[in-house]
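Asker: Handing you a structure now.
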Amino acid sequence: MSTFKALRIDKDDAGYRAAITQFDDADLMEGDVTVRVTHSTVNYKDGLAITGKSPVVRRFPMISGIDFAGVVESSQHAEFKPGDQVILNGWGVGETHLGGHAQRARVKGDWLVPLPAGLSAAQAMSIGTAGYTAMLALMALERFGAKPADGPAIVTGAAGGVGSVAIALLSRAGWHVIASSGRPQEKDYLHHLGASEIIERAELSAPGRPLGKERWAAGVDCVGSHTLANVLAQTKTHGAIAACGLAQGMDLPATVAPFILRGVSLLGIDSVMCPKVKRLEAWNRLAHELDHAKLAEITTTISFDEVPETARAILEGHVRGRVVVEIA
Ligand code: NDP
């Protein structure tokens, strides 16, 4: 029986724990493609899974890691053959299906996306679920019909993974980007990514009024709770906000005033069960529309052994931009 290195999460009478260990091949779950994982990442959700702070893991033992990039080792799926480079995001991987913080993964071929031409596996994981979610948010705003001439775009949770990529994508698309961040020390970083203005996180995070001064026409919200309520209350007439995150909280203590008095739209972003056709579009656009030099600047590369401490750091808001885990 062969084994491979993995970050295994267990929950039993001894409690909830995560540790890097050897995992038996025979214990891999069902799937028609086996992948040698070369790179993964640490997302906010991985932080929740590894620390057990929120019940995102729904099967034990679990291997953490909601996304990975790697090379197909074996395949019974018509679209993939050994040697193909692939990416996976979501579909419950790292939550209900064994995840990407492992040297090997077995998954459904239908979940895989070919690595787009022009991106390395490391770059794909530098983008990761966070960057792909930022692109889904931009695509949602575009589908809605939002355009830079309508006014500025706000990005909350700006120095985080989704926020950083959202700023880069929106500014490249011509938007005047207002970044909301709780980290004043990241001012230069945010300007360099493409933010034109930076506002203090505290301006939006406390309970606010149902409607405020109209400040932005569009936005990407990574934070939820009072922040999203205030973002909506300050959105221009007939503007739209793409909501993807809950870093402040899952609640939305808002009123209907922005919707019924200003025609504001709230666009929901789900990366996990997003249909394949939209994933392919998002990844192909990311390969072409994200400045590779900027991508390198937002990325910190860590070893497999550093994943547990990085998981704790991301929940404490200490991780800037994106993290790539070298698995191979
Ligand atoms: P990060 O931890 O990298 O970024 C989150 C950012 O939110 C932080 O960097 C910080 O930004 C800000 N933040 C943290 N805590 C608070 C707080 N208490 N109040 C206000 N702002 C806060 O996470 P990601 O960028 O990877 O993910 C962002 C969110 O999006 C998460 O909630 C994640 O679960 C969600 N997500 C959802 C997806 C989907 O499919 N819908 C997919 C991917 C992510 P700053 O320091 O600049 O203020």
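The values are calculated or read from the model by the stated rules, or taken from the named source; none is laboratory data. Note that this is a predicted model, so its numbers are computed, not measured. Counting neighbours? That spans all protein chains shown, and the Cβs are built from the backbone with ideal geometry, glycine included. Please note that ligands, DNA and RNA were not included when accessible areas were found on the heavy atoms of the full protein model with its side chains. Shrake-Rupley method; radii C 1.70, N 1.55, O 1.52, S 1.80 Å.
Asker: Express the accessible area of region 77-131 per residue in Å², computed with a 1.4 Å probe while the remaining protein chains stay in the model.
Answerer: Details: 1670 Å² over 55 residues.
With all protein chains present, region 77-131 gives 30 Å² per residue.
Asker: Near Glu79, within a Cβ-to-Cβ distance under 15 Å, what is the net charge of the other residues, with Lys and Arg +1 and Asp and Glu -1?
Answerer: +1
Asker: For region 28-165, would you read off the P(r) tail past 27 Å as a percentage of all alpha carbon pairs?
Answerer: Numbers: 2471 of 9453 pairs.
Value for region 28-165: 26 percent of Cα pairs lie more than 27 Å apart.
Asker: With unit charges on the beta carbon (Lys/Arg positive, Asp/Glu negative), name the residue among Leu88, Val177, Leu232 whose Cα is farthest towards the positive pole of the charge dipole of the chain.
Answerer: Leu232
Asker: Take the Cα atoms of the chain, find their three principal axes, and give me the spread along each one in whole Å, biggest first.
Answerer: Here the spans come out as 64, 45, 35 Å, largest first.
Asker: Just the number please: accessible area per residue for region 222-288, 1.4 Å probe, all protein chains included, in Å².
Answerer: Details: 2920 Å² over 67 residues.
Heavy-atom SASA per residue in region 222-288 reads 44 Å².
Asker: Additional query: For region 246-290, go through all pairs of different Cα atoms, get the mean of 1/r, take its inverse, and jot down that Kirkwood value in Å.
Answerer: That comes to 13.7 Å for region 246-290.
Asker: Going by alpha carbons, how many degrees (0 to 90, nearest 10) lie between the helix axis of 121-144 and the longest principal axis of the chain?
Answerer: 40
Asker: Can you grab the distance from the C-alpha centre of region 70-134 to the C-alpha centre of region 183-216, Å, no decimals?
Answerer: 34
Asker: Counting only protein heavy atoms and using a 1.4 Å probe, what share of the accessible area of region 129-268 belongs to carbon plus sulfur, as a whole percent?
Answerer: So the carbon and sulfur contribution to the accessible surface is 55 percent.
Asker: Now for a different question. Could you list, in their original order, any pairs among Lys213/Lys294; Lys53/Lys147; Lys81/Lys278; Lys5/Lys187; Lys187/Lys236 whose Cα atoms are separated by more than 27 Å?
Answerer: Lys213/Lys294; Lys53/Lys147; Lys5/Lys187
Asker: Moving on. Once every DSSP H run of n ≥ 4 in the chain is given -39500 (n - 2.57) and the sum is divided by its residues, what mean residue ellipticity at 222 nm do you get, rounded to the nearest 500 deg cm²/dmol?
Answerer: Mean residue ellipticity, 222 nm, calculated: -9000 deg cm²/dmol.
Asker: Over all distinct Cα pairs, what is the inverse of the mean 1/r for region 129-268, reported as the Kirkwood hydrodynamic radius in Å? Each step should come with its number before you reach the end.
Answerer: Numbers: mean 1/r = 0.0702 Å⁻¹.
Averaging 1/r across every pair of different Cα atoms and inverting gives 14.3 Å.
Asker: Between Ala78 and Val272, with labels modelled 7 Å along Cα→Cβ, what's the label distance in nm to one decimal, could you check?
Answerer: Simple spin-label model gives 3.0 nm for this pair.
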